[in-house]
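Take a look at the structure below.
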Amino acid sequence: MNTKVLVVDDEFLIRMSLESGLSDLGHQVKTAETFSEGLALAESWRPDVVLLDNKLGGELGLEHIEDFKKLDEDIQIIMITAYGSVSQAVEAMKRGACHYIQKPFDLEEVDLIIRRNLEQLKRRRSLELMRQRPRQIVGESEAIRRICRNVAILAENDNVDLLICGETGTGKGVVVNAIHDSSPRRDTPLVKINCGAIPESLLESELFGYEKGAFTGANKAKKGLMELANGGTVFLDEIGELPLAMQSKLLTFLEDRRFKRVGGLRDIEVNVRIIAATNRDLDAEVQKGTFREDLYYRLNVMQIRIPPLRERREDIPVLARYYLEHFNRKFNKHVRDVAPAFLEEMERYSWKGNVRELRNVMERCVLFSQGELLTGEETGLEFKREDGAAAGPSYPMKDLTQSPIDLKREVDAFERAYIDRALELSGGNSSRAAQLLGCTRFTLKRRLEQGGEET
């Protein structure tokens with residue numbers, strides 16, 4: 001997108017020279033002869049940069065820097081004057097100017113200053129909007145490999161919106177980061193918006209911004225997150241939490257990437273990629289009437305589903321060792337590996353909090369570790385099995401490399417271990433035990449009789 005440059009100068013030749021020269025260098029340029037004309041143009045046209053003469057008739061440009069900044073705090077103001085001095089330059093910077101140059105000037109130098117200041121602004125925004133975030137998708141399961149292939153395709157095609165579905169903690173944000181960081185938009189902001197965390201009354205102004213005087217306390221115009229993300233990616237997290245009224249406004253925005261600030265009359269166009277994520281079943285939400293069907297289909301151009309960790313257990317050792325290395329660096333530890341028995345426990349565990357829960361467990365383990373191996377005792381937690389029962393003694397598998405086994409006997413013993421556990425949990429009530437085992441009371445009775453015990 002070409003930079004919009006507004007030239008405010010009372011000398012006709014200066015205005016024409018800058019307009020012609022900067023246009024040839026790829027900028028969009030408009031000019032104004034007076035401060036009042038310049039402010040009116042700035043309000044309607046919204047330039048990125050204002051080249052402001054410091055002396056127009058009897059007025060000083062220094063006195064009007066704040067007026068331009070009230071319209072848009074991100075406007076880059078470059079003072080131009082034939083009457084420069086160190087004290088004036090310092091005062092201009094104090095009032096919000098980003099640079100100060102003297103006439104006569106070189107057009108290529110002006111172009112360089114414009115581009116340099118806008119690049120600095122972009123970097124500053126990125127630092128403000130983007131926290132340090134994990135960028136690596138970790139795993140070796142087929143599901144993760146498929147996701148990585150899709151990420152590579154979607155990164156190349158950065159004008160395609162997409163929907164990411166998965167339980168809480170599966171790593172939806174990591175996938176978004178990977179797509180953004182591998183795309184041509186990598187040097188632009190990635191703005192995360194948690195749709196469930198912003199109060200409904202503030203949501204529209206946070207997303208789309210507001211104009212001065214739009215409501216009590218709106219003393220100056222403010223850009224919304226959509227506008228701040230211009231050129232980059234907008235991550236709408238927990239899209240299923242978005243109120244119906246805002247769903248309608250979002251749908252309108254998605255059609256042509258245009259919106260009006262709260263209290264504004266002018267359409268603002270932005271170039272952003274939209275990635276939405278949810279842990280809800282949006283099909284079901286559409287059926288219940290809590291999510292707009294047309295918005296669902298508009299967002300669901302491409303969908304990535306991230307399976308829960310319990311459906312890709314082969315990723316657990318890989319993730320555990322990845323976080324072991326990560327937290328070794330963080331806490332300056334030298335833990336060598338995860339003990340095999342602890343790793344087996346983790347592979348059997350249900351991980352209802354998914355990767356986020358595993359990460360937290362590994363952080364506690366490494367933090368409190370004393371030796372070279374993590375044993376799991378560092379957590380102070382009792383891992384539970386998939387069925388929710390406490391991790392008690394399991395039926396031990398025999399080593400087939402040592403000697404052959406009697407398969408029927410081993411299967412009967414395995415079945416009996418489950419029956420004994422069900423009877424223990426039900427207090428000896430065979431009807432309740434049968435429910436836990438997913439069979440009828442008579443089936444349970446027959447199994448016990450075959451085992452040589454009457455109930």
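The values are calculated or read from the model by the stated rules, or taken from the named source; none is laboratory data. Note that the structure is predicted; figures quoted are calculated from it, not measured. No Cβ is skipped: glycine too gets one built from the backbone with ideal geometry, and neighbour counts run over all protein chains shown.
Between D72, D106, D111, the distinction of being of a type in the set (D, E), buried (at least 16 other Cβ atoms within 10 Å of the Cβ) and out of contact with any helix residue (DSSP H, G or I) (no Cβ under 7 Å at 6 or more places or on another chain) belongs to D72 only. Would you please name the residue that is farthest from L265 (Cα to Cα), looking only at residues in segment 189-221 that are modelled with pLDDT of 90 or more and among the hydroxyl-bearing types (S, T, Y)? For segment 189-221, the residue satisfying everything is S205. Within segment 229-237, one or more residues are touching a His at 6+ places or on another chain (Cβ under 7 Å) and in the same structural domain as D161 (by TED's automatic domain parsing).
A40 passes every criterion in (1) surrounded by fewer than 18 Cβ atoms within 10 Å (Cβ to Cβ); (2) in contact with a strand residue (DSSP E or B) (Cβ under 7 Å, 6 or more places away or on another chain); (3) of a type in the set (A, V, I, L, M) apart from (2). For segment 212-231, taking the residues that are in contact with a strand residue (DSSP E or B) (Cβ under 6 Å, 6 or more places away or on another chain) and part of a loop (DSSP other than H, G, I, E, B), the one that is nearest to V174 (Cα to Cα) is identified as A229. At least 2 residues being touching a strand residue (DSSP E or B) at 6+ places or on another chain (Cβ under 8 Å), free of Cβ contacts under 8 Å to residues at least 60 places away in the same chain and not aliphatic (A, V, I, L, M) is the threshold, and among the helices (runs of 4 or more DSSP H) wholly inside segment 311-383 those reaching it are 315-331, 340-348.
Within segment 295-339, the set of residues being in the same structural domain as G169 (by TED's automatic domain parsing) and among the hydroxyl-bearing types (S, T, Y) comprises Y296, Y297.
For first residues located in segment 194-210 and charged (D, E, K, R), partners that are in a loop (DSSP other than H, G, I, E, B) and surrounded by fewer than 18 Cβ atoms within 10 Å (Cβ to Cβ) and lie 6+ apart or on another chain with Cβ distances below 7 Å form the pairs E200/P243.
Only one of the numbered conditions (1) exposed (fewer than 13 other Cβ atoms within 10 Å of the Cβ); (2) modelled with pLDDT of 75 or more; (3) assigned to a helix (DSSP H, G or I) is violated by P404, and that is (3). The condition of being outside any loop (DSSP other than H, G, I, E, B) and surrounded by 19 or more Cβ atoms within 10 Å (Cβ to Cβ) holds for only one of A245, A277, that being A277. Looking across segment 166-185 at every residue that is part of a loop (DSSP other than H, G, I, E, B) and farther than 14 Å from C148 by Cβ, the one that is farthest from the chain's Cα centre (by Cα) is identified as P184.
Considering segment 81-122, the residues that are small (G, A, S) and not in a helix (DSSP H, G or I) include one that is farthest from T3 (Cα to Cα), namely S85.
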